[in-house]
C-alpha cells in the first residue's frame, strides 16, 4: 500500500491509496480516517494486459506486466531469440538494440537475422548507418549486417555530426565517416575538456596546446593559435588569443 496525502482545503484532505491494481480517491477527515460521510470520488482500475508492439517490419516485442517477461517474436508468435530481455530499445536503420537480464547489451539485426552481443552498444538511433559497440572499455563500430567496420581499440568516441565521428586512441584524435573509414588522421590532441564535432562544415581541434578550426577533410580553416574557445555554434566561434577574444565566422 502506498499513501500520498495532498492538502486541499483546511478542514479536509485528499488521500490516494493504491492497493494492488486499484486506485481509489476519498475525501477524509483531517485525522485521515474514513468516516460514514467519506465519498469515493474516483474508482479507476488498471488492467495490466500483455502488450505486443511492432518494432520493425514483421518483428514484435511483447511484454507481460505480471511476469515482466519481454521477448522478440515474429508475426507467427514464435520467439526470434530465446532471451528474456530487461529492455528492448527503438529500432532504427537496421538495428534493434536490447539489454538482457544479465546486464549485457546487443543488437538483433533483421537483415541477416543475426544477434550480436557486447558489453555495451549504442542504443539511440542518431540517424546513423553504423553503431558503436564496446568490449572491455574499448570502442569500435559495426554496420547493420554485423560486420565490424573498425577494430575495437578506440578509447573514446564522439557523436555523429555531418557525417563525421570523432575518435580517440593513444591520446590522439581523428574523425571517421559512416563507412568506418578514417577521413581525418589521428593527429590532434585530447585537451580533456572539449569534444570536437562539425557544425556547418567546421569543427575545432586541439594541437600542441592550442585550438584551431578545420573542415571535414581536415584542412585548417583558422590557425592553431587560440588558447581557449568560449562559444561555437552554427559556424560562429568566439576564441581567445594574444590577450583578447575574437569572433570568427566561417
Once fully extended, how much extra length lies between residue 195 and residue 81, figured as 0.36 nm per residue of separation less the alpha-carbon to alpha-carbon distance? 37.3 nm
Using a Förster radius of 25 Å, what is the FRET efficiency between residue 182 and residue 117 based on their Cβ-Cβ separation? Nearest 0.05, please. 0.40
Here D for region 154-250, in µm²/s, from Stokes-Einstein with a Kirkwood Rh over Cα pairs at 25 °C and 0.890 mPa s, works out to 184
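Based on the alpha-carbon gyration tensor of region 124-171 and its eigenvalue square roots a ≥ b ≥ c, which shape applies: rounded if a/c is under 1.5, prolate if not and a/b is larger than b/c, or oblate?
Verdict is oblate for region 124-171.
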In whole angstrom, note down how far apart the Cα centers of region 69-115 and region 200-250 are. 43
Could you give the length gained on full extension between residue 136 and residue 250, defined as 0.36 nm per residue of separation minus the Cα-Cα distance, in nm? 37.0 nm
Surface/4 of the Cα convex hull for region 48-152, nm²: 6.7
Rounded to the nearest 5, the percent of DSSP beta bridges in region 100-154 running antiparallel is 100
Compute the distance in nm between two label points, each set 7 Å from the Cα along the Cα-to-Cβ direction, one at residue 170 and one at residue 221. 3.0
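Every number in this text was worked out from the coordinates using simple rules, so none of it is lab data. Note that the structure is a prediction, hence the values are computed from the model and not measured. Glycine also receives a Cβ, built like all others from the backbone with ideal geometry; neighbour counts cover every protein chain displayed.
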